[in-house]
């Protein structure tokens, strides 16, 4: 395909891009009433960007307001490229802008990749639109949305030394590689992208295409170097040097083996957490196309069919690798080790699988358009169903409820971070004691610690996938009485521990308590351990019965709340 033909027919490309960007109007209209995925996004990764932006120029190796001054490696932004947005704009505005940069990047990358591979512009625009609306966690940046763009740049680089593109400038393609790396996470999808580039390099060498292989090698080297530079603190921690050289709590993670067949079926048909989607029908249509064209029509050397087979078996291979990594013999081996061998999640190779599956669906549709229009229509219906499933899996329907003034079960941005309530809490403490937020440390009960951290409080608790194991042990003393009451929360903290929270045996598995008549009965806490760690105040979403017996004094005669707040806030002082 001649490179200049990529945008020759602009109408479908522009229509798809317009539909991608138009979705921003929903969040512009709703503002703080907008609903986003909370899990692993608003309770964790969002704070990585916010704190990185707050401390962008202070030169410190720690975040003073997080976990008693934890090293910055405890809250590493998944995509450094977007940190400046959170410095310039409010967090909500920055995230909305980030969300649509990410979606547009995914759309353009998929469109370019498909057209580069010879797809019709209508088909390319349609599949690219589906990919843009995939229900990925947007806070991860280009970790999944950037896969097609990266594949496109590598294909273009391979053409640098051969064919019609020989001798043309490669700077823009290396720039796109750097941009993708800056906008994505090494530990989430970067390793998979590097592995894919390496496998493709070996494949080209085996085909004796040395010129193409050399350009793939150069592209992979640029990708690798950029990732290392972006994650230098993390690399130093792994090597045990620098400010982040503490022993991570991840070395105490207890791995649980899974049956191979169960893991394989899930990895192949659905995919990993935050990166998967139901792809059974896509795989089924690929098999039908392969049988129809390869067996019935006896055109086994059809170029599109070969591409379908390669992608199908690549997905199969990735699922086998992921399942093997979670089977009992391998898990036992990992449990005997420490460091990355123990906690590295090979299942994250699936983060590149959604793009691969949609490319395979494109090939299936276009192959069947040439051979069997009825089957082609069936494939197009699979694409439409995939789009519908994507819309259903994301928060679009919940935002639609808000627009229509109906109740949603999910918390909005304003409800989750509760700035109105926490502003009142800060004012109450300052008026009562003269202390400002920067003068004391707090913990939260029945409220995600992300809310207090978002609102500028110094928090002893928090959500991190890489903090000091010694801090985990010290914090455990505070919550030990409640952990002893319930095996679920004890295992949740001791054997995983990313959520270093105040747990309550009365509500295991719940970290947010809506304002109601609920109260904490028989709640126990080691207030001496909390005080030794520097804790001064406890923010609770519900009244704590018998708090004085636990070394806590209730300061608020009435809970702090507003008409629209999800929480009501009781403030307790640690004696």
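Miscellaneous remarks
- Subset of the stretch 238-263 that is within 22 Å of the chain's Cα centre (by Cα) and surrounded by 14 or more Cβ atoms within 10 Å (Cβ to Cβ) - its residue that is modelled with the lowest pLDDT: 238
- Whether a residue is surrounded by fewer than 23 Cβ atoms within 10 Å (Cβ to Cβ), at pLDDT below 95 and either farther than 28 Å from residue 533 by Cα or within 18 Å of the chain's Cα centre (by Cα) (or both) was assessed, and residue 122 passes this test.
- Condition met for residue 197 (under 29 Å from residue 370 (Cβ atoms) and under 25 Å from the mean Cα position of the chain (by Cα)): no
- Residues that are surrounded by fewer than 22 Cβ atoms within 10 Å (Cβ to Cβ) and within 20 Å of the chain's Cα centre (by Cα) were ranked within the stretch 51-74; the one that is farthest from residue 103 (Cα to Cα) is 72.
- Residues within the stretch 426-439 that are at pLDDT below 95 and crowded, with 17+ Cβ neighbours inside 10 Å, tallied: 1
- Hey, residue 63 closer than 20 Å to residue 41 by Cβ, in contact with a strand residue (DSSP E or B) (Cβ under 8 Å, 6 or more places away or on another chain) and in contact (Cβ under 8 Å) with a residue 12 or more places away in the chain or not: yes
- Of all residues in the stretch 499-508, those being without any contact (Cβ under 8 Å) to a residue 40 or more places away in the chain and either within 14 Å of residue 254 (Cβ to Cβ) or out of contact with any helix residue (DSSP H, G or I) (no Cβ under 7 Å at 6 or more places or on another chain) (or both) number 2.
- Failed criterion for residue 554 (all others in (1) touching a helix residue (DSSP H, G or I) at 6+ places or on another chain (Cβ under 9 Å); (2) modelled with pLDDT under 95; (3) surrounded by fewer than 17 Cβ atoms within 10 Å (Cβ to Cβ); (4) over 26 Å from residue 64 (Cβ atoms) hold): (2)
- Verdict on residue 453 being crowded, with 17+ Cβ neighbours inside 10 Å and under 27 Å from residue 345 (Cβ atoms): yes
- Residues that are at positive phi and free of Cβ contacts under 8 Å to residues at least 12 places away in the same chain were ranked within the stretch 402-461; the one that is farthest from the chain's Cα centre (by Cα) is 434.
- Flag if residue 569 is in contact with a strand residue (DSSP E or B) (Cβ under 8 Å, 6 or more places away or on another chain) and farther than 30 Å from residue 256 by Cα: yes
- Residue check, residue 95 under 25 Å from residue 148 (Cα atoms), in a helix (DSSP H, G or I), under 17 Å from the mean Cα position of the chain (by Cα) and in contact (Cβ under 8 Å) with a residue 60 or more places away in the chain: no
The values are calculated or read from the model by the stated rules, or taken from the named source; none is laboratory data. In this text, all values refer to a predicted model and were calculated from it rather than measured experimentally. All Cβ positions, glycine included, derive from the backbone under ideal geometry; neighbour counts span all protein chains shown.
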